[in-house]
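What follows is a single structure, written as structure tokens, with notes after it.
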Amino acid sequence: MEASLMADLQRFLQDRCLSVLNLPQKGRSLFTTRDIRPGEVILSQNPYICVPNNTSSESRCDGCFKTNNLKKCSGCQVVWYCGSSCQKSEWKLHRHECKALTRLEKEKRKFVTPTIRLMVKLFIKRNLQNEKVLLITTTDNYSLVEALVSHMSEIDEQQMLLYAQMANLVNLILQFPSVDLREIAENFSKFSCNAHSICDSELRPQGIGLFPLVSIINHSCSPNAVLVFEEQMAVVRAMGNISKDSEITISYIETAGSTLTRQKSLKEQYLFHCQCARCNNVGKPHDIEESAILEGYRCSNEKCTGFLLRDPEEKGFVCQKCLLLRSKEEVKKLASDLKTVSEKAPASPSAENKQAAIELYKTMEKLQVKLYHSFSITLMRTREKLLKMLMDLEIWREALNYCRLIVPVYQRVYPATHPLIGLQFYTQGKLEWLLGETKEAVSSLIKAFDILRISHGTSTPFMKELSAKLEEARAEASYKLACIEKRL
């Protein structure tokens, strides 16, 4: 990065009580120069570039990522818009992308994935900024992208070949003499390590974007900050109190899992070995216990909550609480039965097959309850799928039952202010209210609000809707109580 731009960036961060330091084995790292309270915005950034997650089954507006009232761009027939407002806001960039995509044979346009489009838009924007058609600012310039780590030297031959094929397609679309294939391939590697999924307020992915400032923030499996999105703007908020001179960290991966599972995920996706405080406990008694609970087997005694470790004599697994031995044969039989059922269960059941899928997943759940610990991640994922399918079919009572089973596991595997816990309480509260359990609904919605105001703030439309629901539920609960008192 040019010295003048780096100086501008440092000033920009200093104004927000932040600084960038280079740490051994971690590289650029973001630090706070003041104490930060829970829920405070640490940093926010609009994407340098972003695209929606368009698929063959679902399309989104290129401007706002919404899915309703869409019309295809009449030129390229690739991009969608919800109306003239979004089309106009994107036109400075899309007019050039549109020309480039139109040159491509129609048959080849189906290979233009969101990642390919992201790369095409990256180079178009860079050129437009160089030509002064688009404004260059401290936080919106290609130099920040150049400063991102690519890990090219650590990529295997198969991945490099894939990047080369993707680079060829981008080159065919752009036809820019100033861009070479290696630069495109290197940027694909940067995307892999630095691009973020843009999610809605309920953490459902809607698109992908490049946020070079946010990418300075390092990973921790016990992060002190959380990344959420307000429309397409990335917002980093403190999850708890952060002391002056502390490093700001977020989580790059799903942190519900054993240390070995997390390490494997980080190495495969981000090409580094995590050395956070949580990962440095690997092999220690607490870490062994946590791994056995999250990914291991349950005690044969249904009333026992102990975790199992492998028997030194290789006869099976011993409960560390009641010392009961669970035989290898019993575990193998259950695991084999579970595998047989799992192979029949569809990952994404169609609407007409959803009821049959629910029955299959319930059979899986029963076997998993017998095999795994009650806080098992595998069991939790099965119940999440069941909850979603039951919600889709409006089977509210059963959905609520599964919601209540999932909450305690979330509270075990995630930090207390993690948005997933808040969102689960929000779902639980809405279901309770729908089913007439107003008092319980108020309690759940209060818990949801107390968590989500930290991760989401209080001024977004999503949080205003939650707040309104909470006040309405409180009013209804008060009315019901008054009616009971009147009868008495």
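The values are calculated or read from the model by the stated rules, or taken from the named source; none is laboratory data. Please read these numbers as outputs of a predicted model, since none were measured by experiment. Every residue, glycine among them, receives a Cβ derived from its backbone with ideal geometry; neighbour counts consider all protein chains shown. Just the protein is used for accessible areas: all its heavy atoms, side chains included, with ligands, DNA and RNA removed. Shrake-Rupley method; radii C 1.70, N 1.55, O 1.52, S 1.80 Å.
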Non-local residues with an amide H under 5 Å from the amide H of Ala225, with H modelled 1.01 Å from N and Pro and chain starts lacking one, are Met239, Thr249
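When only Cα pairs under 8 Å and 6 or more residues apart are kept, what is the percent relative contact order across region 241-291?
Once divided by the residue count of region 241-291, the mean separation gives 32 percent.
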P(r) of region 12-116 over all Cα-Cα pairs, 5 Å bins starting at 0, rounded to whole percent, reads 2, 10, 16, 16, 12, 7, 8, 12, 11, 5, 1, 0
Which three numbers, in whole Å and largest first, are the semi-axes of the equivalent ellipsoid of region 32-175 derived from its Cα gyration tensor as √(5λ)? 27, 23, 17
Which order, highest average first, do 15-24, 256-265 follow once you tally other Cβ atoms within 10 Å for each residue and take the mean per peptide? 256-265, 15-24
GluC sites (Glu not before Pro) within region 94-188: DSSP coil, no more than 10 neighbouring Cβ in 10 Å: Glu105, Glu131
List the residues, sorted by chain then number, that are 5 or more residues from Ile198 or on another chain and whose placed amide H is less than 5 Å from its amide H. Gln206, Gly207, Ile208, Gly209
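Mind putting a number on the dipole of the chain about its Cα centre? Charges go on the C-beta only, +1 for Lys and Arg and -1 for Asp and Glu, and I need it in Debye to the nearest 20.
660 debye
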The size of the Cβ-based charge dipole (Lys, Arg +1; Asp, Glu -1) of region 1-108 about the Cα centre, to the nearest 20 debye, is 260 debye
So if I place +1 on the C-beta of Lys and Arg and -1 on the C-beta of Asp and Glu, and nothing else carries charge, what would the dipole magnitude of region 246-339 be about its Cα centre? I want it in debye, nearest 20. 140 debye
Once the cut-off is 28 Å, how many percent of the Cα-Cα pairs in the chain end up in the long-distance tail? 62 percent
Taking every C-alpha to C-alpha distance in region 99-241 and binning by 5 Å from 0, the per-bin percentages run 2, 8, 16, 18, 21, 16, 11, 5, 2, 1, 0
Region 337-381, accessible surface, carbon-and-sulfur percent (1.4 angstrom probe): 55 percent
Of the listed links Lys332/Lys366; Lys447/Lys480; Lys121/Lys190; Lys26/Lys267; Lys339/Lys362, those spanning more than 18 angstrom between alpha carbons are Lys447/Lys480
Inter-site label distance for Glu394 and Lys339 at 7 Å from Cα along Cβ, in nm: 4.2 nm
Given H placed 1.01 Å from N in the peptide plane, which residues other than close sequence neighbours of Phe307 have an amide H under 5 Å from its amide H? Gln320, Lys321
For region 162-278, whose charge dipole is built from +1 on Lys and Arg Cβ atoms and -1 on Asp and Glu Cβ atoms, the candidate among Asn218, Ser201, Leu181 with its Cα farthest towards the positive end is Asn218
Residue-normalised accessible area of region 244-344, given per residue in Å² at a 1.4 Å probe: 60 Å²
Extension gain (nm, one decimal) between Leu323 and Arg103, 0.36 nm per residue minus Cα-Cα: 72.2 nm
Normalised contact order of region 50-141, rounded percent, pairs of Cα under 8 Å and 6 or more residues apart: 22 percent
Pop out the ³J(HN,Hα) list for region 244-255 in order, Karplus 6.51 cos²θ - 1.76 cosθ + 1.60 with θ = phi - 60°, rounded to Hz; leave Gly and Pro as x. 3, 6, 8, 7, 8, 9, 10, 9, 7, 10, 5, 8
